[in-house]
Amino acid sequence: MLGHNVIDHDLPILQEQAPHLALHQLPVIDTLRLSPLAFPQNPYHRLVKDYKLIRDSLNSPLSDCSSTLALFNDQRRAFVDLNVSHQTELLCYQALLAPSLKSDLGMLFASIAGQAPKRLTELRTLIPELLRETDPTLTRTLKVCSTRLDQLLEIDIMDETLHWPLAYTLAWLRVSGGNSVLAPWVRHQFPEVGRLITELRDTPCGQSDCGYCSTTHDPRHELRRYFAPIQDFRTEPDGRSLQHDVVLAGMQGKHVLAILATGGGKSLCYQLPALNRFHRNGSLTVIISPLQSLMKDQVDGLLARNVQCAATLNGLLTMPERAEVLEKIQLGDVGILLVSPEQFRNKAFRRVIAQRQVGAWIFDEAHCLSKWGADFRPDYLYVSRFIKQFTGNSDLAAIGCFTATAKPDVLEDIEKHFEEQLGITFERFIGTHERTNLHFEVLPCARAEKRHHTQALLEEELGGNHGGAVVFVSSRKGAEELADFLIGHGWACKHFHAGLEPHEKKDIQDAFKAGELKIIVATNAFGMGVDKADIRLVVHADIPGSLENYLQEAGRAGRDQEQARCVLLYDAQDIENQFGMCEGSKLTLRDIQQILRKLRKESDRRKGGRLVITAGEVLMDEQVETSFEAGERDAETKVVTAVAWLERGQFLKREENQTQIFPASLKLPKEEADKRLATAKLPGRRLEEFKAILSYLYDASADERINTDALMALTSLTKL
Ligand SMILES: [Zn+2]
């Protein structure tokens with residue numbers, strides 16, 4: 001009797017409906033049960049998706065049967081190969097799952113192994129052989145805790161109910177450390193597998209002679225393993241190492257709130273526990289960060305250390321890049337995933353991580369969670385709601401919050417948020433955010449003198465020396481003008497702001513890193529993209545938007561721990577300008593009220609329930625009177641922010657995004673398209689609209705995303 005998922009599904013039903021059938025007497029082979037053993041490297045055989053068989057036609061029992069047979073033949077072949085490459089493993093499965101020739105799998109395994117099953121007591125020599133460490137860079141002999149293994153060989157192997165879980169555990173352990181994912185159905189149907197792996201790999205036994213525990217659970221050992229040539233953690237002036245303590249807490253699965261200075265080795269504090277966890281139990285660490293440009297830097301940095309399991313998902317990826325990352329997550333190739341908070345509203349992302357066991361959720365730049373911070377990101381708040389749903393009744397994975405901001409009200413806000421949402425309290429790690437090699441100065445000077453002061457400072461710090469400088473200004477135009485002025489004085493200098501093309505930005509950052517470019521004049525669009533160690537001078541020619549921004553930007557200086565200067569050129573007039581800019585980006589109470597009114601109106605019109613609407617649809621209603629208009633820069637962000645505030649006030653609840661993307665290309669030359677349109681006999685007004693849409697599409701670059709709001713604005717289609 002051969003079938004897919006028959007043990008749990010078909011046979012119990014048949015037993016009830018037709019208990020007298022002769023087939024109940026037959027030995028049973030269930031291809032679902034065999035899958036994780038035959039294909040441990042990748043649980044997704046081409047014919048199986050999670051536990052379901054992929055059907056090539058609906059409701060065709062015959063095609064289900066032939067798919068099952070094809071799957072079984074592949075499994076049999078895999079076991080035949082296993083008998084050649086790792087016979088010990090096959091013999092372990094046989095002893096556990098086919099203990100006699102009369103058992104369900106008895107004949108199958110005997111025919112492949114070519115011998116009768118070993119006795120259970122013989123597993124005491126076979127299993128340790130199977131679990132020998134195979135990584136030549138590691139000195140330990142076993143892949144698991146020897147203390148727990150001894151107990152397992154003595155007691156657990158005699159417990160028949162543990163035989164399937166044990167077989168799955170062994171299959172996973174042999175290929176562990178690479179792209180091996182426990183299929184979600186195994187985790188759910190056989191919770192003992194997760195428990196065994198946790199006990200064998202995640203729980204330090206404390207015995208000094210246990211080679212596995214004394215290496216895997218030691219932060220210093222793991223630091224050298226993944227971050228060589230680094231030999232030890234950074235130490236504080238008092239000799240303690242905060243970095244070590246944070247990493248240890250992370251490896252132990254504690255909820256951590258850590259304040260570490262920018263440039264104080266913050267990312268290592270969550271990357272190292274993430275790598276350690278991925279190796280131990282194959283779990284995924286999800287790192288939520290608002291800094292999209294920095295994500296790629298982090299992933300590249302890890303790749304350069306030959307860490308292959310890092311990836312990022314954010315708004316800067318193209319559709320094919322995104323699809324590739326999603327697949328790698330699903331297949332278990334990814335252990336560290338950096339995501340922007342918006343991803344949690346994306347259905348494809350949610351579906352894919354549901355396939356994985358998540359080991360920890362890390363909030364980088366955690367001050368974005370706080371409404372008191374200048375960088376409050378409403379999407380951050382949604383993430384904890386998602387985590388709560390994702391976790392359900394299972395154990396909550398560790399939460400880590402990392403920030404360079406030590407403002408007490410911000411920290412309290414973060415702690416309160418997680419206590420309310422997830423019922424957790426953090427272990428706090430507070431580092432010094434003092435950087436003794438940085439010299440801070442404020443230089444009063446009139447607006448007109450700023451260029452010359454900047455020029456003089458650059459002469460003092462860079463004249464004839466190595467290293468670079470960054471000059472921050474508050475506007476794009478200011479950046480361009482000051483850069484031109486400095487180029488005129490013979491400096492290798494470029495401007496940098498959000499208006500540049502991605503490749504221009506990249507070229508500038510690369511040249512600056514390499515030292516070919518000495519100076520960058522930037523708006524705050526810079527600052528997070530580049531990690532250059534020898535910046536000797538940071539000048540703020542304009543006053544920055546907030547104290548956090550100032551520390552973040554000035555903190556770019558002197559990463560190499562050598563002396564560096566941070567100079568603020570201050571003119572009382574600057575405050576006015578900066579204040580004016582804040583005013584421009586502000587959302588008024590009236591804006592929020594207007595948006596709420598529109599949402600209520602739409603909700604009523606659609607008879608309540610769920611409302612799907614775009615920012616453009618909200619703003620293009622002429623009765624909605626906001627201080628900003630649909631086409632304006634940041635208009636969408638403002639609507640989203642207003643909705644976030646309404647959500648906080650419990651006026652509404654925002655769910656996942658309903659974005660649909662249709663990849664498409666234009667097939668005709670524009671002239672041809674115009675001709676066809678002309679012959680289409682459309683009413684005059686319609687024709688104009690179609691023409692407008694066409695020329696918009698033809699003017700867009702090939703990989704640009706065009707949203708319906710933009711197209712709607714071209715037409716009279718605003719009243720839907
Ligand atoms: Zn141990």
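What the table shows:
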quantity	calculated
Rounded tilt (10° steps) of 684-699 against the dominant C-alpha axis of the chain	80 degrees
Prolate/oblate/rounded call for the chain, Cα gyration tensor, a/c under 1.5 rounded	oblate
Label-point gap, in nm, between Thr215 and Lys513 - each point 7 angstrom along Cα→Cβ	3.2 nm
Anisotropy class of region 441-581 from Cα gyration tensor, a/c 1.5 cut	rounded
Within region 650-685, GluC sites (Glu not before Pro) in DSSP loop having at most 15 other beta-carbon neighbours inside 10 Å	Glu655, Glu656
Gain upon complete extension [Ala261, Ser627; 0.36 nm per residue less C-alpha separation]	128.0 nm
Euclidean distance between Cα centres, region 63-114 to region 123-148, Å	24 Å
Whole-number percent relative contact order across the chain, with pairs defined as alpha carbons under 8 Å at least 6 apart	8 percent
Helix 292-304 axis, angle to the chain major axis (alpha carbon atoms, nearest 10°)	50 degrees
Relative contact order (%) - region 441-581, alpha-carbon pairs under 8 angstrom, separation at least six	32 percent
Using a Förster distance of 45 Å, the FRET efficiency for Ile613-Ile575 (Cβ separation, nearest 0.05)	0.70
Cut-off 14 Å, label 7 Å out along Cα→Cβ of Thr708, residues of region 612-651 by amide N	612-618
12 Å Cα-Cα reach of Lys407 towards aspartates and glutamates, excluding residues that sit fewer than 8 places from it in its own chain	Glu548
Span per principal axis, largest first, for the Cα atoms of region 131-283 (Å)	56, 32, 24
On Cα atoms only, tilt of 502-514 relative to the major axis of the chain in degrees	90 degrees
Potential lengthening between Tyr698 and Thr198 on full extension [0.36 nm per residue; Cα-Cα distance subtracted]	174.4 nm
Under 30 Å from the Cα of Lys328 - lysines, other chains or at least 8 residues apart	Lys49, Lys52, Lys143, Lys254, Lys266, Lys296, Lys347, Lys388, Lys505, Lys506
5 Å binning of all Cα-Cα separations within region 2-213, expressed as whole percents from 0 upward	1, 7, 13, 18, 19, 16, 11, 7, 4, 2, 1, 0
Computed [θ] at 222 nm, deg cm²/dmol, the chain (DSSP H ≥ 4; -39,500 (n - 2.57); rounded to nearest 500)	-14000 deg cm²/dmol
Aspartates and glutamates whose Cα lies under 18 Å from that of Lys450, excluding same-chain neighbours fewer than 8 positions away	Glu441, Glu459, Glu460, Glu461, Glu480, Glu481, Asp484, Asp542, Asp571, Asp574, Glu576
Relative contact order computed over region 53-110 (Cα-Cα under 8 Å; 6+ residues apart), in percent	16 percent
Asn437-Arg351 pseudo-label distance in nm [points 7 Å out on the Cα-to-Cβ vector]	4.9 nm
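Readers should treat all values here as calculations from the given coordinates under stated rules, not as data from a laboratory. Not measured: the values here are computed from a predicted model. With ideal geometry, Cβ positions are generated from the backbone for all residues, glycine too; neighbour counts draw on all protein chains shown.
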